[in-house]
Amino acid sequence: MSSPREGQRTSSGIAEKSAHLLALPELLLIILGYFTDDADIISLACVCRRLNDVSLSYHLDSDLEERFLIFGSCFLPYTFFRKLRLCFFKPAFSFIDCHFSDNAAEEIREVLRYLDSIEIDPPEVSVDLSDVCPHTVKSMPPAELEAFFRDLQQLNCRDLTPFVDLQQEPEVESVPFVGFHPPPLTSLGTVTLYPQPKHLADWLVRSINQSSVRMMTVCDAASTLTKLTLPRLRELIFQRGRISTDDLYLFLLRHTSIKHITIHASVELLPLTEQIHIQSLPKLSQICAPPEVLTLLSPQLLSAVRDIRLEAYLMSMDAEQFVHNHQEALLFVSQLPNAYSLTIWLGHLISTGTVWADFVFPDSYGLQRAEQRLVNITTLCIADLISIPAFQLAEAVARFPNVQDLHFWNEPEYSLLCAEKIMTACPSLITISTAEKEYNRVSLSGR
């Protein structure tokens, strides 16, 4: 235990440092704030009123539209909110990202105390509960868990990732959830679905149905889709799990507002088993799916789609089957009347060697390769360029007859040489663009 004299020395040391900060000219305080991160500048501002008034306001109020903080085990600690409450100048954060842990009940109280201390409109909050241990959740008394959700309802929660893996944990003996009725969240715009126990699933469904959800990600929870009605849903992502084509069709036909669908390669899409009346989705403009999933869908359902992104895993099948599925998917794309943009993972295809380069359809198809029929594709995007020689890239692009715009998702090391070879091999091509550069025939001819 420290002696009174040691305590006096400590307090006098803090006062002395604070006095030194007070003596700094205003410009130097601003410079100090400019080169100091959020956590350190707020810690300093707690012991120096002038630094608080000058540097903190300059540091944290310069761009309110972009100002946000991330809290969690790998980010800022929740005790940081206590320092924020001590500051005379209350930063007007536009967004707070909260990754809660096993101490979620205490952490959310810190957030609420800070929000009570500010006079401005509360910021939007993103809530991620995926780091909370499933055993911790299942062992919580119903009253304590309901109190947490009541606190959560006080936040302006726009994004929600709920508890995960609750059904994979061994059952924990707990009091039955009788009368568990926390108020639903009503401001959600983005949500992720995971399997939940019934009492949590019911609360989540009520929250989603009473919010204006525009983006939803589904992870092993496709069975929940039948309980949802989302008139403003714009983007639907299937991250993993299993879903029947029947359920997917019925959900899409009930939600004609959807513009973008993504079905990742880790999702198992079961074939259609019932006779479902297929009709076009007029607002659906983009779909991202593996080749073997895309071909299970109906061209009529996707007749309005303009942008197709083929996702592929070579590791899941042998090279011949992989290439054949990809060619079948390109034939499927040729049946979509409004499709003009296509994204492919060319590195996966070229890595099969001669299997992809020498592939031809049987004579019964009436053509050698599917690329011949893609006359409507004028924009081609290539997602991976790692270890693809320039001449192979040029040969691959030249297989598409009418491509005018070529986009690379990443920057090839040999971009200039690559652009020259592709322009030479593809007479229809007008522009080649990467994240940092753009080439056209005029700029290349002027070299």
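So is Val375 in contact (Cβ under 8 Å) with a residue 24 or more places away in the chain and aliphatic (A, V, I, L, M) or not? Give the derivation first.
Numbers: in contact (Cβ under 8 Å) with a residue 24 or more places away in the chain: yes; aliphatic (A, V, I, L, M): yes.
Answer is yes for this residue.
Consider Val111 carefully, then state whether it is closer than 20 Å to Ser187 by Cα, under 18 Å from the mean Cα position of the chain (by Cα) and either modelled with pLDDT of 85 or more or buried (at least 20 other Cβ atoms within 10 Å of the Cβ) (or both).
Working: closer than 20 Å to Ser187 by Cα: yes; under 18 Å from the mean Cα position of the chain (by Cα): no; either modelled with pLDDT of 85 or more or buried (at least 20 other Cβ atoms within 10 Å of the Cβ) (or both): yes.
Taking the combined requirement at face value, the residue does not satisfy it.
Here's the yes/no breakdown for (1) in contact with a strand residue (DSSP E or B) (Cβ under 7 Å, 6 or more places away or on another chain); (2) over 27 Å from Ala435 (Cβ atoms); (3) at pLDDT 85 or above; (4) of a type in the set (A, V, I, L, M):
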position: Leu342; (1), (2), (3), (4): yes, no, yes, yes
position: Leu349; (1), (2), (3), (4): no, no, yes, yes
position: Ala357; (1), (2), (3), (4): no, yes, yes, yes
position: Glu371; (1), (2), (3), (4): no, no, yes, no
position: Ala383; (1), (2), (3), (4): yes, no, no, yes
position: Phe391; (1), (2), (3), (4): no, no, no, no
position: Pro401; (1), (2), (3), (4): no, no, yes, no
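Just wondering, is there one or more residues in the stretch 189-209 that are crowded, with 17+ Cβ neighbours inside 10 Å, charged (D, E, K, R) and either modelled with pLDDT of 90 or more or not in a helix (DSSP H, G or I) (or both)?
yes
Just name the residue that is surrounded by the most Cβ atoms within 10 Å (Cβ to Cβ) out of those in the stretch 346-372 that are in contact (Cβ under 8 Å) with a residue 40 or more places away in the chain and within 19 Å of Glu311 (Cα to Cα). Please lay out each step first, then the result.
Pass one, the stretch 346-372, residues in contact (Cβ under 8 Å) with a residue 40 or more places away in the chain: 346-347, 349-350, 369-371.
So of that shortlist, the ones also within 19 Å of Glu311 (Cα to Cα) come out as 346-347, 349-350, 370-371.
Values: Leu346: 22, Gly347: 17, Leu349: 25, Ile350: 18, Ala370: 20, Glu371: 21.
Once the filter is applied, the top-ranked residue is Leu349.
Give the stretch 115-139 a look and list any residue that's assigned to a loop (DSSP other than H, G, I, E, B), closer than 15 Å to Ser94 by Cα and not hydrophobic (A, V, I, L, M, F, W, C), or say none.
Filtering the stretch 115-139 for residues assigned to a loop (DSSP other than H, G, I, E, B) gives 118-123, 129-133.
Filter once more, keeping what is closer than 15 Å to Ser94 by Cα: 118-123.
Matches in the stretch 115-139: Glu119, Asp121, Pro122, Pro123.
Only one of Ile258, Ile308, Ile237 is in contact with an Asp or Glu (Cβ under 8 Å, 6 or more places away or on another chain) and of a type outside the set (S, T, N, Q); which?
None of the others qualify; the one that does is Ile258.
Contact list please: Cβ distance under 7 Å, first residue in the stretch 110-134 and assigned by TED's automatic domain parsing to the domain that holds Tyr194, second residue assigned to a strand (DSSP E or B) and acidic (Asp, Glu), pairs at least six apart or on different chains.
Taking only residues 6 or more apart or on different chains, the pairs are Ser126/Asp97; Ser126/Asp159; Val127/Asp159.
Among the residues that make up the stretch 151-166, is at least one of them at pLDDT below 85 and closer than 23 Å to Met216 by Cβ?
As a first pass, look at the stretch 151-166 and keep what is at pLDDT below 85: 165-166.
Filter again for closer than 23 Å to Met216 by Cβ, leaving 165-166.
Yes: the stretch 151-166 contains one or more residues that are at pLDDT below 85 and closer than 23 Å to Met216 by Cβ.
The values are calculated or read from the model by the stated rules, or taken from the named source; none is laboratory data. Computed from a prediction, not measured in an experiment: that's the story for all the values here. Cβ sites come from the backbone with ideal geometry, for glycine too, and all protein chains shown count toward neighbours.
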